[in-house]
Amino acid sequence: MNETEETRTAKKLIIYCSDTRVDLWKRIKKHLIPAGEWWQPLGFLGGAISLAHSEHLPLEYAVLMVKQIPFAIRKFPTIKEVVLVGHDCGYYEDIPRGMNFTVEDKEKDLRKAAALLRRHFPNMKVSAFFAEKKDSEFKRIKCRRTKQ
Ligand SMILES: [Zn+2]
């Protein structure tokens, strides 16, 4: 059966940084999304950073948590998983001392963002990946399930 726009079903919502210099979306399509699957992209500068640093990025946090993610889940009921993709992102300059964050700190932020999403969207599976070097595959970030 040919998929038309009406019959396409998004399996996952993917939140990533839209900085075209790192071109994460192209890499995501190449390395993460299996052929024939449709994942709904939600890209904006900084990606999931605001989920880990809502105190410093309240507008970005609100846009994601109050508007974009709930809308995507409502509009695409076939989405059962949110995928976070982080990278060594320049948006950290808007976080105090953020430019001193190590890659490990940024991976820890992905775990924090994943835990937050699990608390707010308990029916949603959440996974996270970190984009290491340019053109390489992604590193899966182990996110522990947190007890409510
Ligand atoms: Zn970025």
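No value in this document is a laboratory result; all are computed from the given coordinates. Just so it is clear, the structure is predicted and the values come from calculations on it, not from any experiment. Here the Cβ is made from the backbone with ideal geometry for all residues, glycine too, and neighbour counts use every protein chain on show.
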* Structure fact -> The aspartates and glutamates whose Cα lies under 16 Å from the Cα of Lys139, excluding any fewer than 8 residues away in the same chain, are Asp88, Glu104, Asp105, Glu107, Asp109
* Asked: So what is the relative contact order for segment 81-125, in percent, with contacts set as C-alpha pairs under 8 Å and at least six apart?
  -> 47 percent
* Using a 10 angstrom cutoff on alpha carbons, build the Gaussian network for the chain and name the most mobile of Lys133, Lys112, Lys11. => Lys133
* Going by alpha carbons, how many degrees (0 to 90, nearest 10) lie between the helix axis of 103-120 and the longest principal axis of the chain? -> 50 degrees
* Out of Glu107, Glu93, Glu137, any idea which swings most in a Gaussian network model of the chain, alpha carbons joined below 10 Å? -> Glu93
* Asked: When DSSP beta bridges are limited to those with both residues in segment 39-148, what percentage is antiparallel, rounded to the nearest 5?
  -> 40 percent
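At a 10 Å Cβ-Cβ cut-off, how would you order Cys143, Cys17, fewest neighbours first?
Cys143, Cys17
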* Asked: Considering only Pro77, His87, Phe130, whose Cα is most displaced toward the positive end of the charge dipole of the chain, charges sitting on Cβ of Lys, Arg (+1) and Asp, Glu (-1)?
  -> Pro77
* What full-extension length gain, to one decimal in nm, is calculated for His31 and Thr102 as 0.36 nm per residue of separation minus the Cα-Cα distance? -> 23.1 nm
* What nm distance separates the two modelled labels at Arg119 and Asp23, each placed 7 Å from Cα along Cα→Cβ? -> 3.8 nm
* Asked: So what is the relative contact order for segment 29-148, in percent, with contacts set as C-alpha pairs under 8 Å and at least six apart?
  -> 27 percent
* Structure fact -> Of segment 59-82, those with amide N under 14 Å from the point 7 Å along the Cα→Cβ vector of Arg8 are 76
